[in-house]
Amino acid sequence: MNINQQFLAQMQEAAQLLQTEGPMAATAAIQRALNGGATPAAPHATPSGKAQPDGLIDINPVSAADEAPQPPRAGLSGLAQRLRARMARGAVQDVQDAQPDGGGNQAPLKGQFLSLTASTPAGSRTYKLYIPTSYAPGGALVVMLHGCKQHPDDFAAGTGMNALAEEHGCLVAYPAQSKNANGSNCWNWFQAGDQRRERGEPAIIAAIARDVLRDYKADPARVYVAGLSAGGAMAAILASEYPDLFAAAGIHSGLPTGAAHDVPSAFAAMQKGSIKAARAAGIPLIVFHGDADKTVHPRNGQAVLAQRTAGRASAATVEKGKAANGRGYTRAIHRDGSGKLLAEHWTVHGSGHAWSGGSRRGSYTDPQGPDASREMLRFFLEHRKNA
């Protein structure tokens, strides 16, 4: 096979991957073709040549889709140029997402996945909004906050939340961290300027939720926030600072509000666990954490729980089980003295720093665990603000 035939075959492979595996796999195939078939080496060092510590800066691996699309090169085939153009558009709307079923097949979704922007005095961020075909005004809204080195499309694919949105008729918003704000796409949960109401990133994310409420007539009593890792830490901040906006929150592999105030204290909290509960979370929480997480210590999940239950909870009801895909778990249900549900704490045994029950189509997922997305949405829809 000559070089031109090989390149054409690789472009055809990329076109097929775009339909079956999504834009991340197709982009990687294009990059392999443009590099003569070689897979680009993953970066292991900062521009200064110093390796970055695992965790705060590079919790999640960089993927091909993290890189900005480049304009078509002269001499590329028409197929390659069309693929690059489609990648650059960023799947603006009428996009088919997919969620693997139990047999590993993918069921296409017909809803819209819009690319939008929110601008506030605190700054602006782009975000993706999934509108299921089943949505009607008055539906719930879930705000999903990705982890470091992730982006909305990656997080949507990994969590499968869009497929669940079709089942329940709710909107799902995925705010995107800006590389200008954090070079590794981490939410800046460890900075004092991004930990308070109507300041910094909490203000921007709250504005995104309010924009969707206004523009798509969602139910203001059913607005929820969830996140993974750095996104989970930011979700905890939003739970503490915006109890008037969010009715419940989900924190997966995250940290409690106030766990850090700068980079050194952030690393300390991640590696050793937060030693105290800071400002109380005033809304119901569902917490997931793997007990083999070596990036964010599992004690952080316990500290998140303590922010909600301190001084209010009676003895927890503890259940043990095993996910259909293999991992065991312990679920602790915490109520106050009157029986009101305060929080659920899921410990996934043997799982590391990954979204439990997620799809391999996204980064940092553990398909063997219980389905965190389904359990979070079930928990969310059991709660209404001021109810």
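Below are the figures for this structure:
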read-out	value
Those lysines that a straight Cα-Cα span of less than 16 Å connects to Lys272, excepting residues fewer than 8 apart in one chain	Lys294
Distant alpha-carbon pairs in the stretch 117-161 (separation over 13 angstrom), percent	65
Phi to ³J(HN,Hα) by Karplus 6.51 cos²θ - 1.76 cosθ + 1.60 over the stretch 362-378, Hz, x for Gly, Pro	x, 7, 6, 10, 10, x, 7, x, x, 6, 5, 4, 5, 5, 5, 5, 4
Restricting the stretch 326-387 to trypsin sites (Lys or Arg not before Pro) in coil, as DSSP defines it, with at most 13 other Cβ within 10 Å	Lys340, Arg360
Integer Hz, Karplus 6.51/-1.76/1.60 couplings in order for the stretch 339-352, x for Gly and Pro	x, 6, 6, 9, 6, 10, 10, 9, 9, 9, 6, x, 8, x
Surface accessible to a 1.4 Å probe, Arg308 within the full protein complex, Å²	10
For the stretch 185-324, the spread of Cα positions along each principal axis, largest first, Å	41, 36, 34
Amide hydrogen neighbours beyond the local backbone of Ser356, cut-off 5 Å, H modeled	Asp366, Ala372
Estimated Rh, the stretch 193-257: Kirkwood, alpha-carbon pairs, angstrom	11.7
Nonlocal amide H pairs with Gly328, under 5 Å, H built at 1.01 Å	Ala323, His349
Unit Cα scatterers, Debye sum, the stretch 288-375: log10 I(q)/I(0) for q = 0.24, 0.26 Å⁻¹	-1.15, -1.25
Surface/4 estimate of mean projected area, convex hull on alpha-carbon atoms of the stretch 115-215, nm²	6.3
Residue-level accessible surface for Trp346, protein heavy atoms, 1.4 Å, Å²	10
Karplus 3J(HN,Hα) series, Hz, for the stretch 197-208 with 6.51 cos²θ - 1.76 cosθ + 1.60 (x for Gly, Pro)	4, 6, 9, x, 5, x, 5, 5, 5, 4, 5, 4
Sulfur and carbon atoms: percent of accessible area, the stretch 181-256 [1.4 Å]	47
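The values are calculated or read from the model by the stated rules, or taken from the named source; none is laboratory data. None of these values were measured; they are calculated from a predicted model. Cβ coordinates were reconstructed from backbone atoms using ideal geometry, including for glycine residues, and neighbour counts include every protein chain displayed. Surface areas here come from the heavy atoms of the whole protein model, side chains and all, with no ligands, DNA or RNA. Shrake-Rupley method; radii C 1.70, N 1.55, O 1.52, S 1.80 Å.
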